[in-house]
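**Q** Before I ask anything, here is the structure I am working with.
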Amino acid sequence: PEEVLQRFLKDHPFVLHQSAEIIPKKRLGEDFVTDFVLVASTSQGPTYTLIELERATHPVLTKDLCLSSHVGHAIKQTRDWDVWLEKNKAYVQTKLPGFETPRYMVIIGRSKEFNEDQKAYIRSYNREWKNLELLTYDDILIRFESTIQSLKTIILKS
């Protein structure tokens, strides 16, 4: 299932970001491989977001509203990348032009059945992190549906 999702997102990168270039399976030296790197162009130069995909069936929170072990594992993966990138910044800049401080995104689980407390805790975790965003597959779907609705509105006004 993860490979099918990986292929779909590679073929339809606008689901993750409206305008970013997507690099699937980017190797970080010999040590790590990302699921994706999003490269978004800005006037200040490119911004990089490294993405870790986990299964949609993995739980996001425990019953007591702590992050699940699956989320913890995914966050640890992004931390490993961050440490490696910091140690190898000069090398990385030869492979990813304009590379500076990356952002990280973990996509895991489903949230359509979350209650208000669960939603509040996910928002709280996301506020706490400086360069990491935790999203569920439902979040990705909602963002994409919002983009489609915005495009429809623009088209209907023209």
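**Q** In whole Hz, what ³J(HN,Hα) sequence does the range 27-36 give by Karplus (6.51, -1.76, 1.60; θ = phi - 60°), x for Gly and Pro?
**A** 3J(HN,Hα) across the range 27-36, in whole Hz: 7, 10, x, 9, 8, 9, 9, 7, 6, 8.
**Q** Given a Förster distance of 35 Å, report the FRET efficiency between residue 27 and residue 127 from their Cβ-Cβ distance, rounded to the nearest 0.05.
**A** The value I calculate is 0.65.
**Q** Same structure, new question: Give the carbon-plus-sulfur fraction of the accessible surface of the chain in %, rounded to a whole number; probe 1.4 Å, heavy atoms of protein chains only.
**A** The nonpolar share, carbon plus sulfur, comes to 53 percent.
**Q** Something else now. Where both residues lie in the chain, what percent of DSSP beta bridges are antiparallel, nearest 5?
**A** Restricted to the chain, the bridges split so that about 55 percent are antiparallel.
**Q** With runs of 4+ DSSP H residues as the only contributors, calculate the mean residue ellipticity of the chain at 222 nm using -39,500 (n - 2.57) per run, divided by the residue total and rounded to the nearest 500.
**A** Counting only the DSSP helices, I get -14500 deg cm²/dmol.
**Q** As an exercise, use a Förster radius of 41 Å and the Cβ-Cβ distance of residue 63 and residue 3 to find the FRET efficiency, rounded to the nearest 0.05.
**A** Efficiency for this residue pair is about 0.85.
**Q** Grab the other residues whose beta carbon is less than 14 angstrom from that of residue 114, score K and R as +1, D and E as -1, and report the net.
**A** Charge balance in the 14 Å sphere: 0.
**Q** Most fluctuating residue of 76, 26, 95 in a GNM of the chain with Cα springs under 10 Å: which is it?
**A** Fluctuation is largest for 95.
**Q** Does the range 100-158 classify as rounded, prolate or oblate by the C-alpha gyration tensor (a ≥ b ≥ c root eigenvalues; a/c under 1.5 gives rounded; else a/b over b/c gives prolate, otherwise oblate)?
**A** Because a/c hits 1.5 or more and a/b fails to exceed b/c, the range 100-158 counts as oblate.
**Q** Also, I was wondering about something else. Averaged per residue, what accessible surface does the range 61-134 expose to a 1.4 Å probe, in Å²?
**A** 63
**Q** For q values of 0.15 Å⁻¹, compute log₁₀ I(q)/I(0) with the Debye formula on a Cα-only model of the range 7-119, without solvent.
**A** Listed by q, the Debye log ratios stand at -0.73.
**Q** Continuing with the same structure: Rounded to a whole number, what is D in µm²/s for the range 61-100 from Stokes-Einstein with the Kirkwood radius over alpha-carbon pairs (10 °C, 1.306 mPa s)?
**A** Using the Kirkwood radius from Cα pairs, D works out to 134 µm²/s.
**Q** Highest mean first, how do 36-43, 126-133, 106-113 rank when packing is the count of other Cβ atoms within 10 Å averaged over residues?
**A** The most tightly packed comes first, giving 106-113, 36-43, 126-133.
**Q** Turning to a different aspect of this structure: Taking 0.36 nm per residue of separation and subtracting the Cα-Cα distance, what length does fully extending residue 87 through residue 150 add?
**A** So the chain would gain 18.6 nm between residue 87 and residue 150.
The values are calculated or read from the model by the stated rules, or taken from the named source; none is laboratory data. Because the structure is predicted, anything quoted here is derived from the model rather than measured. Because the Cβ atoms are built from the backbone with ideal geometry, glycine has one as well, and the counts that use them run over all protein chains shown. Note: accessible area is taken over every heavy atom of the protein model, side chains too, but ligands, DNA and RNA are not part of it. Shrake-Rupley method; radii C 1.70, N 1.55, O 1.52, S 1.80 Å.
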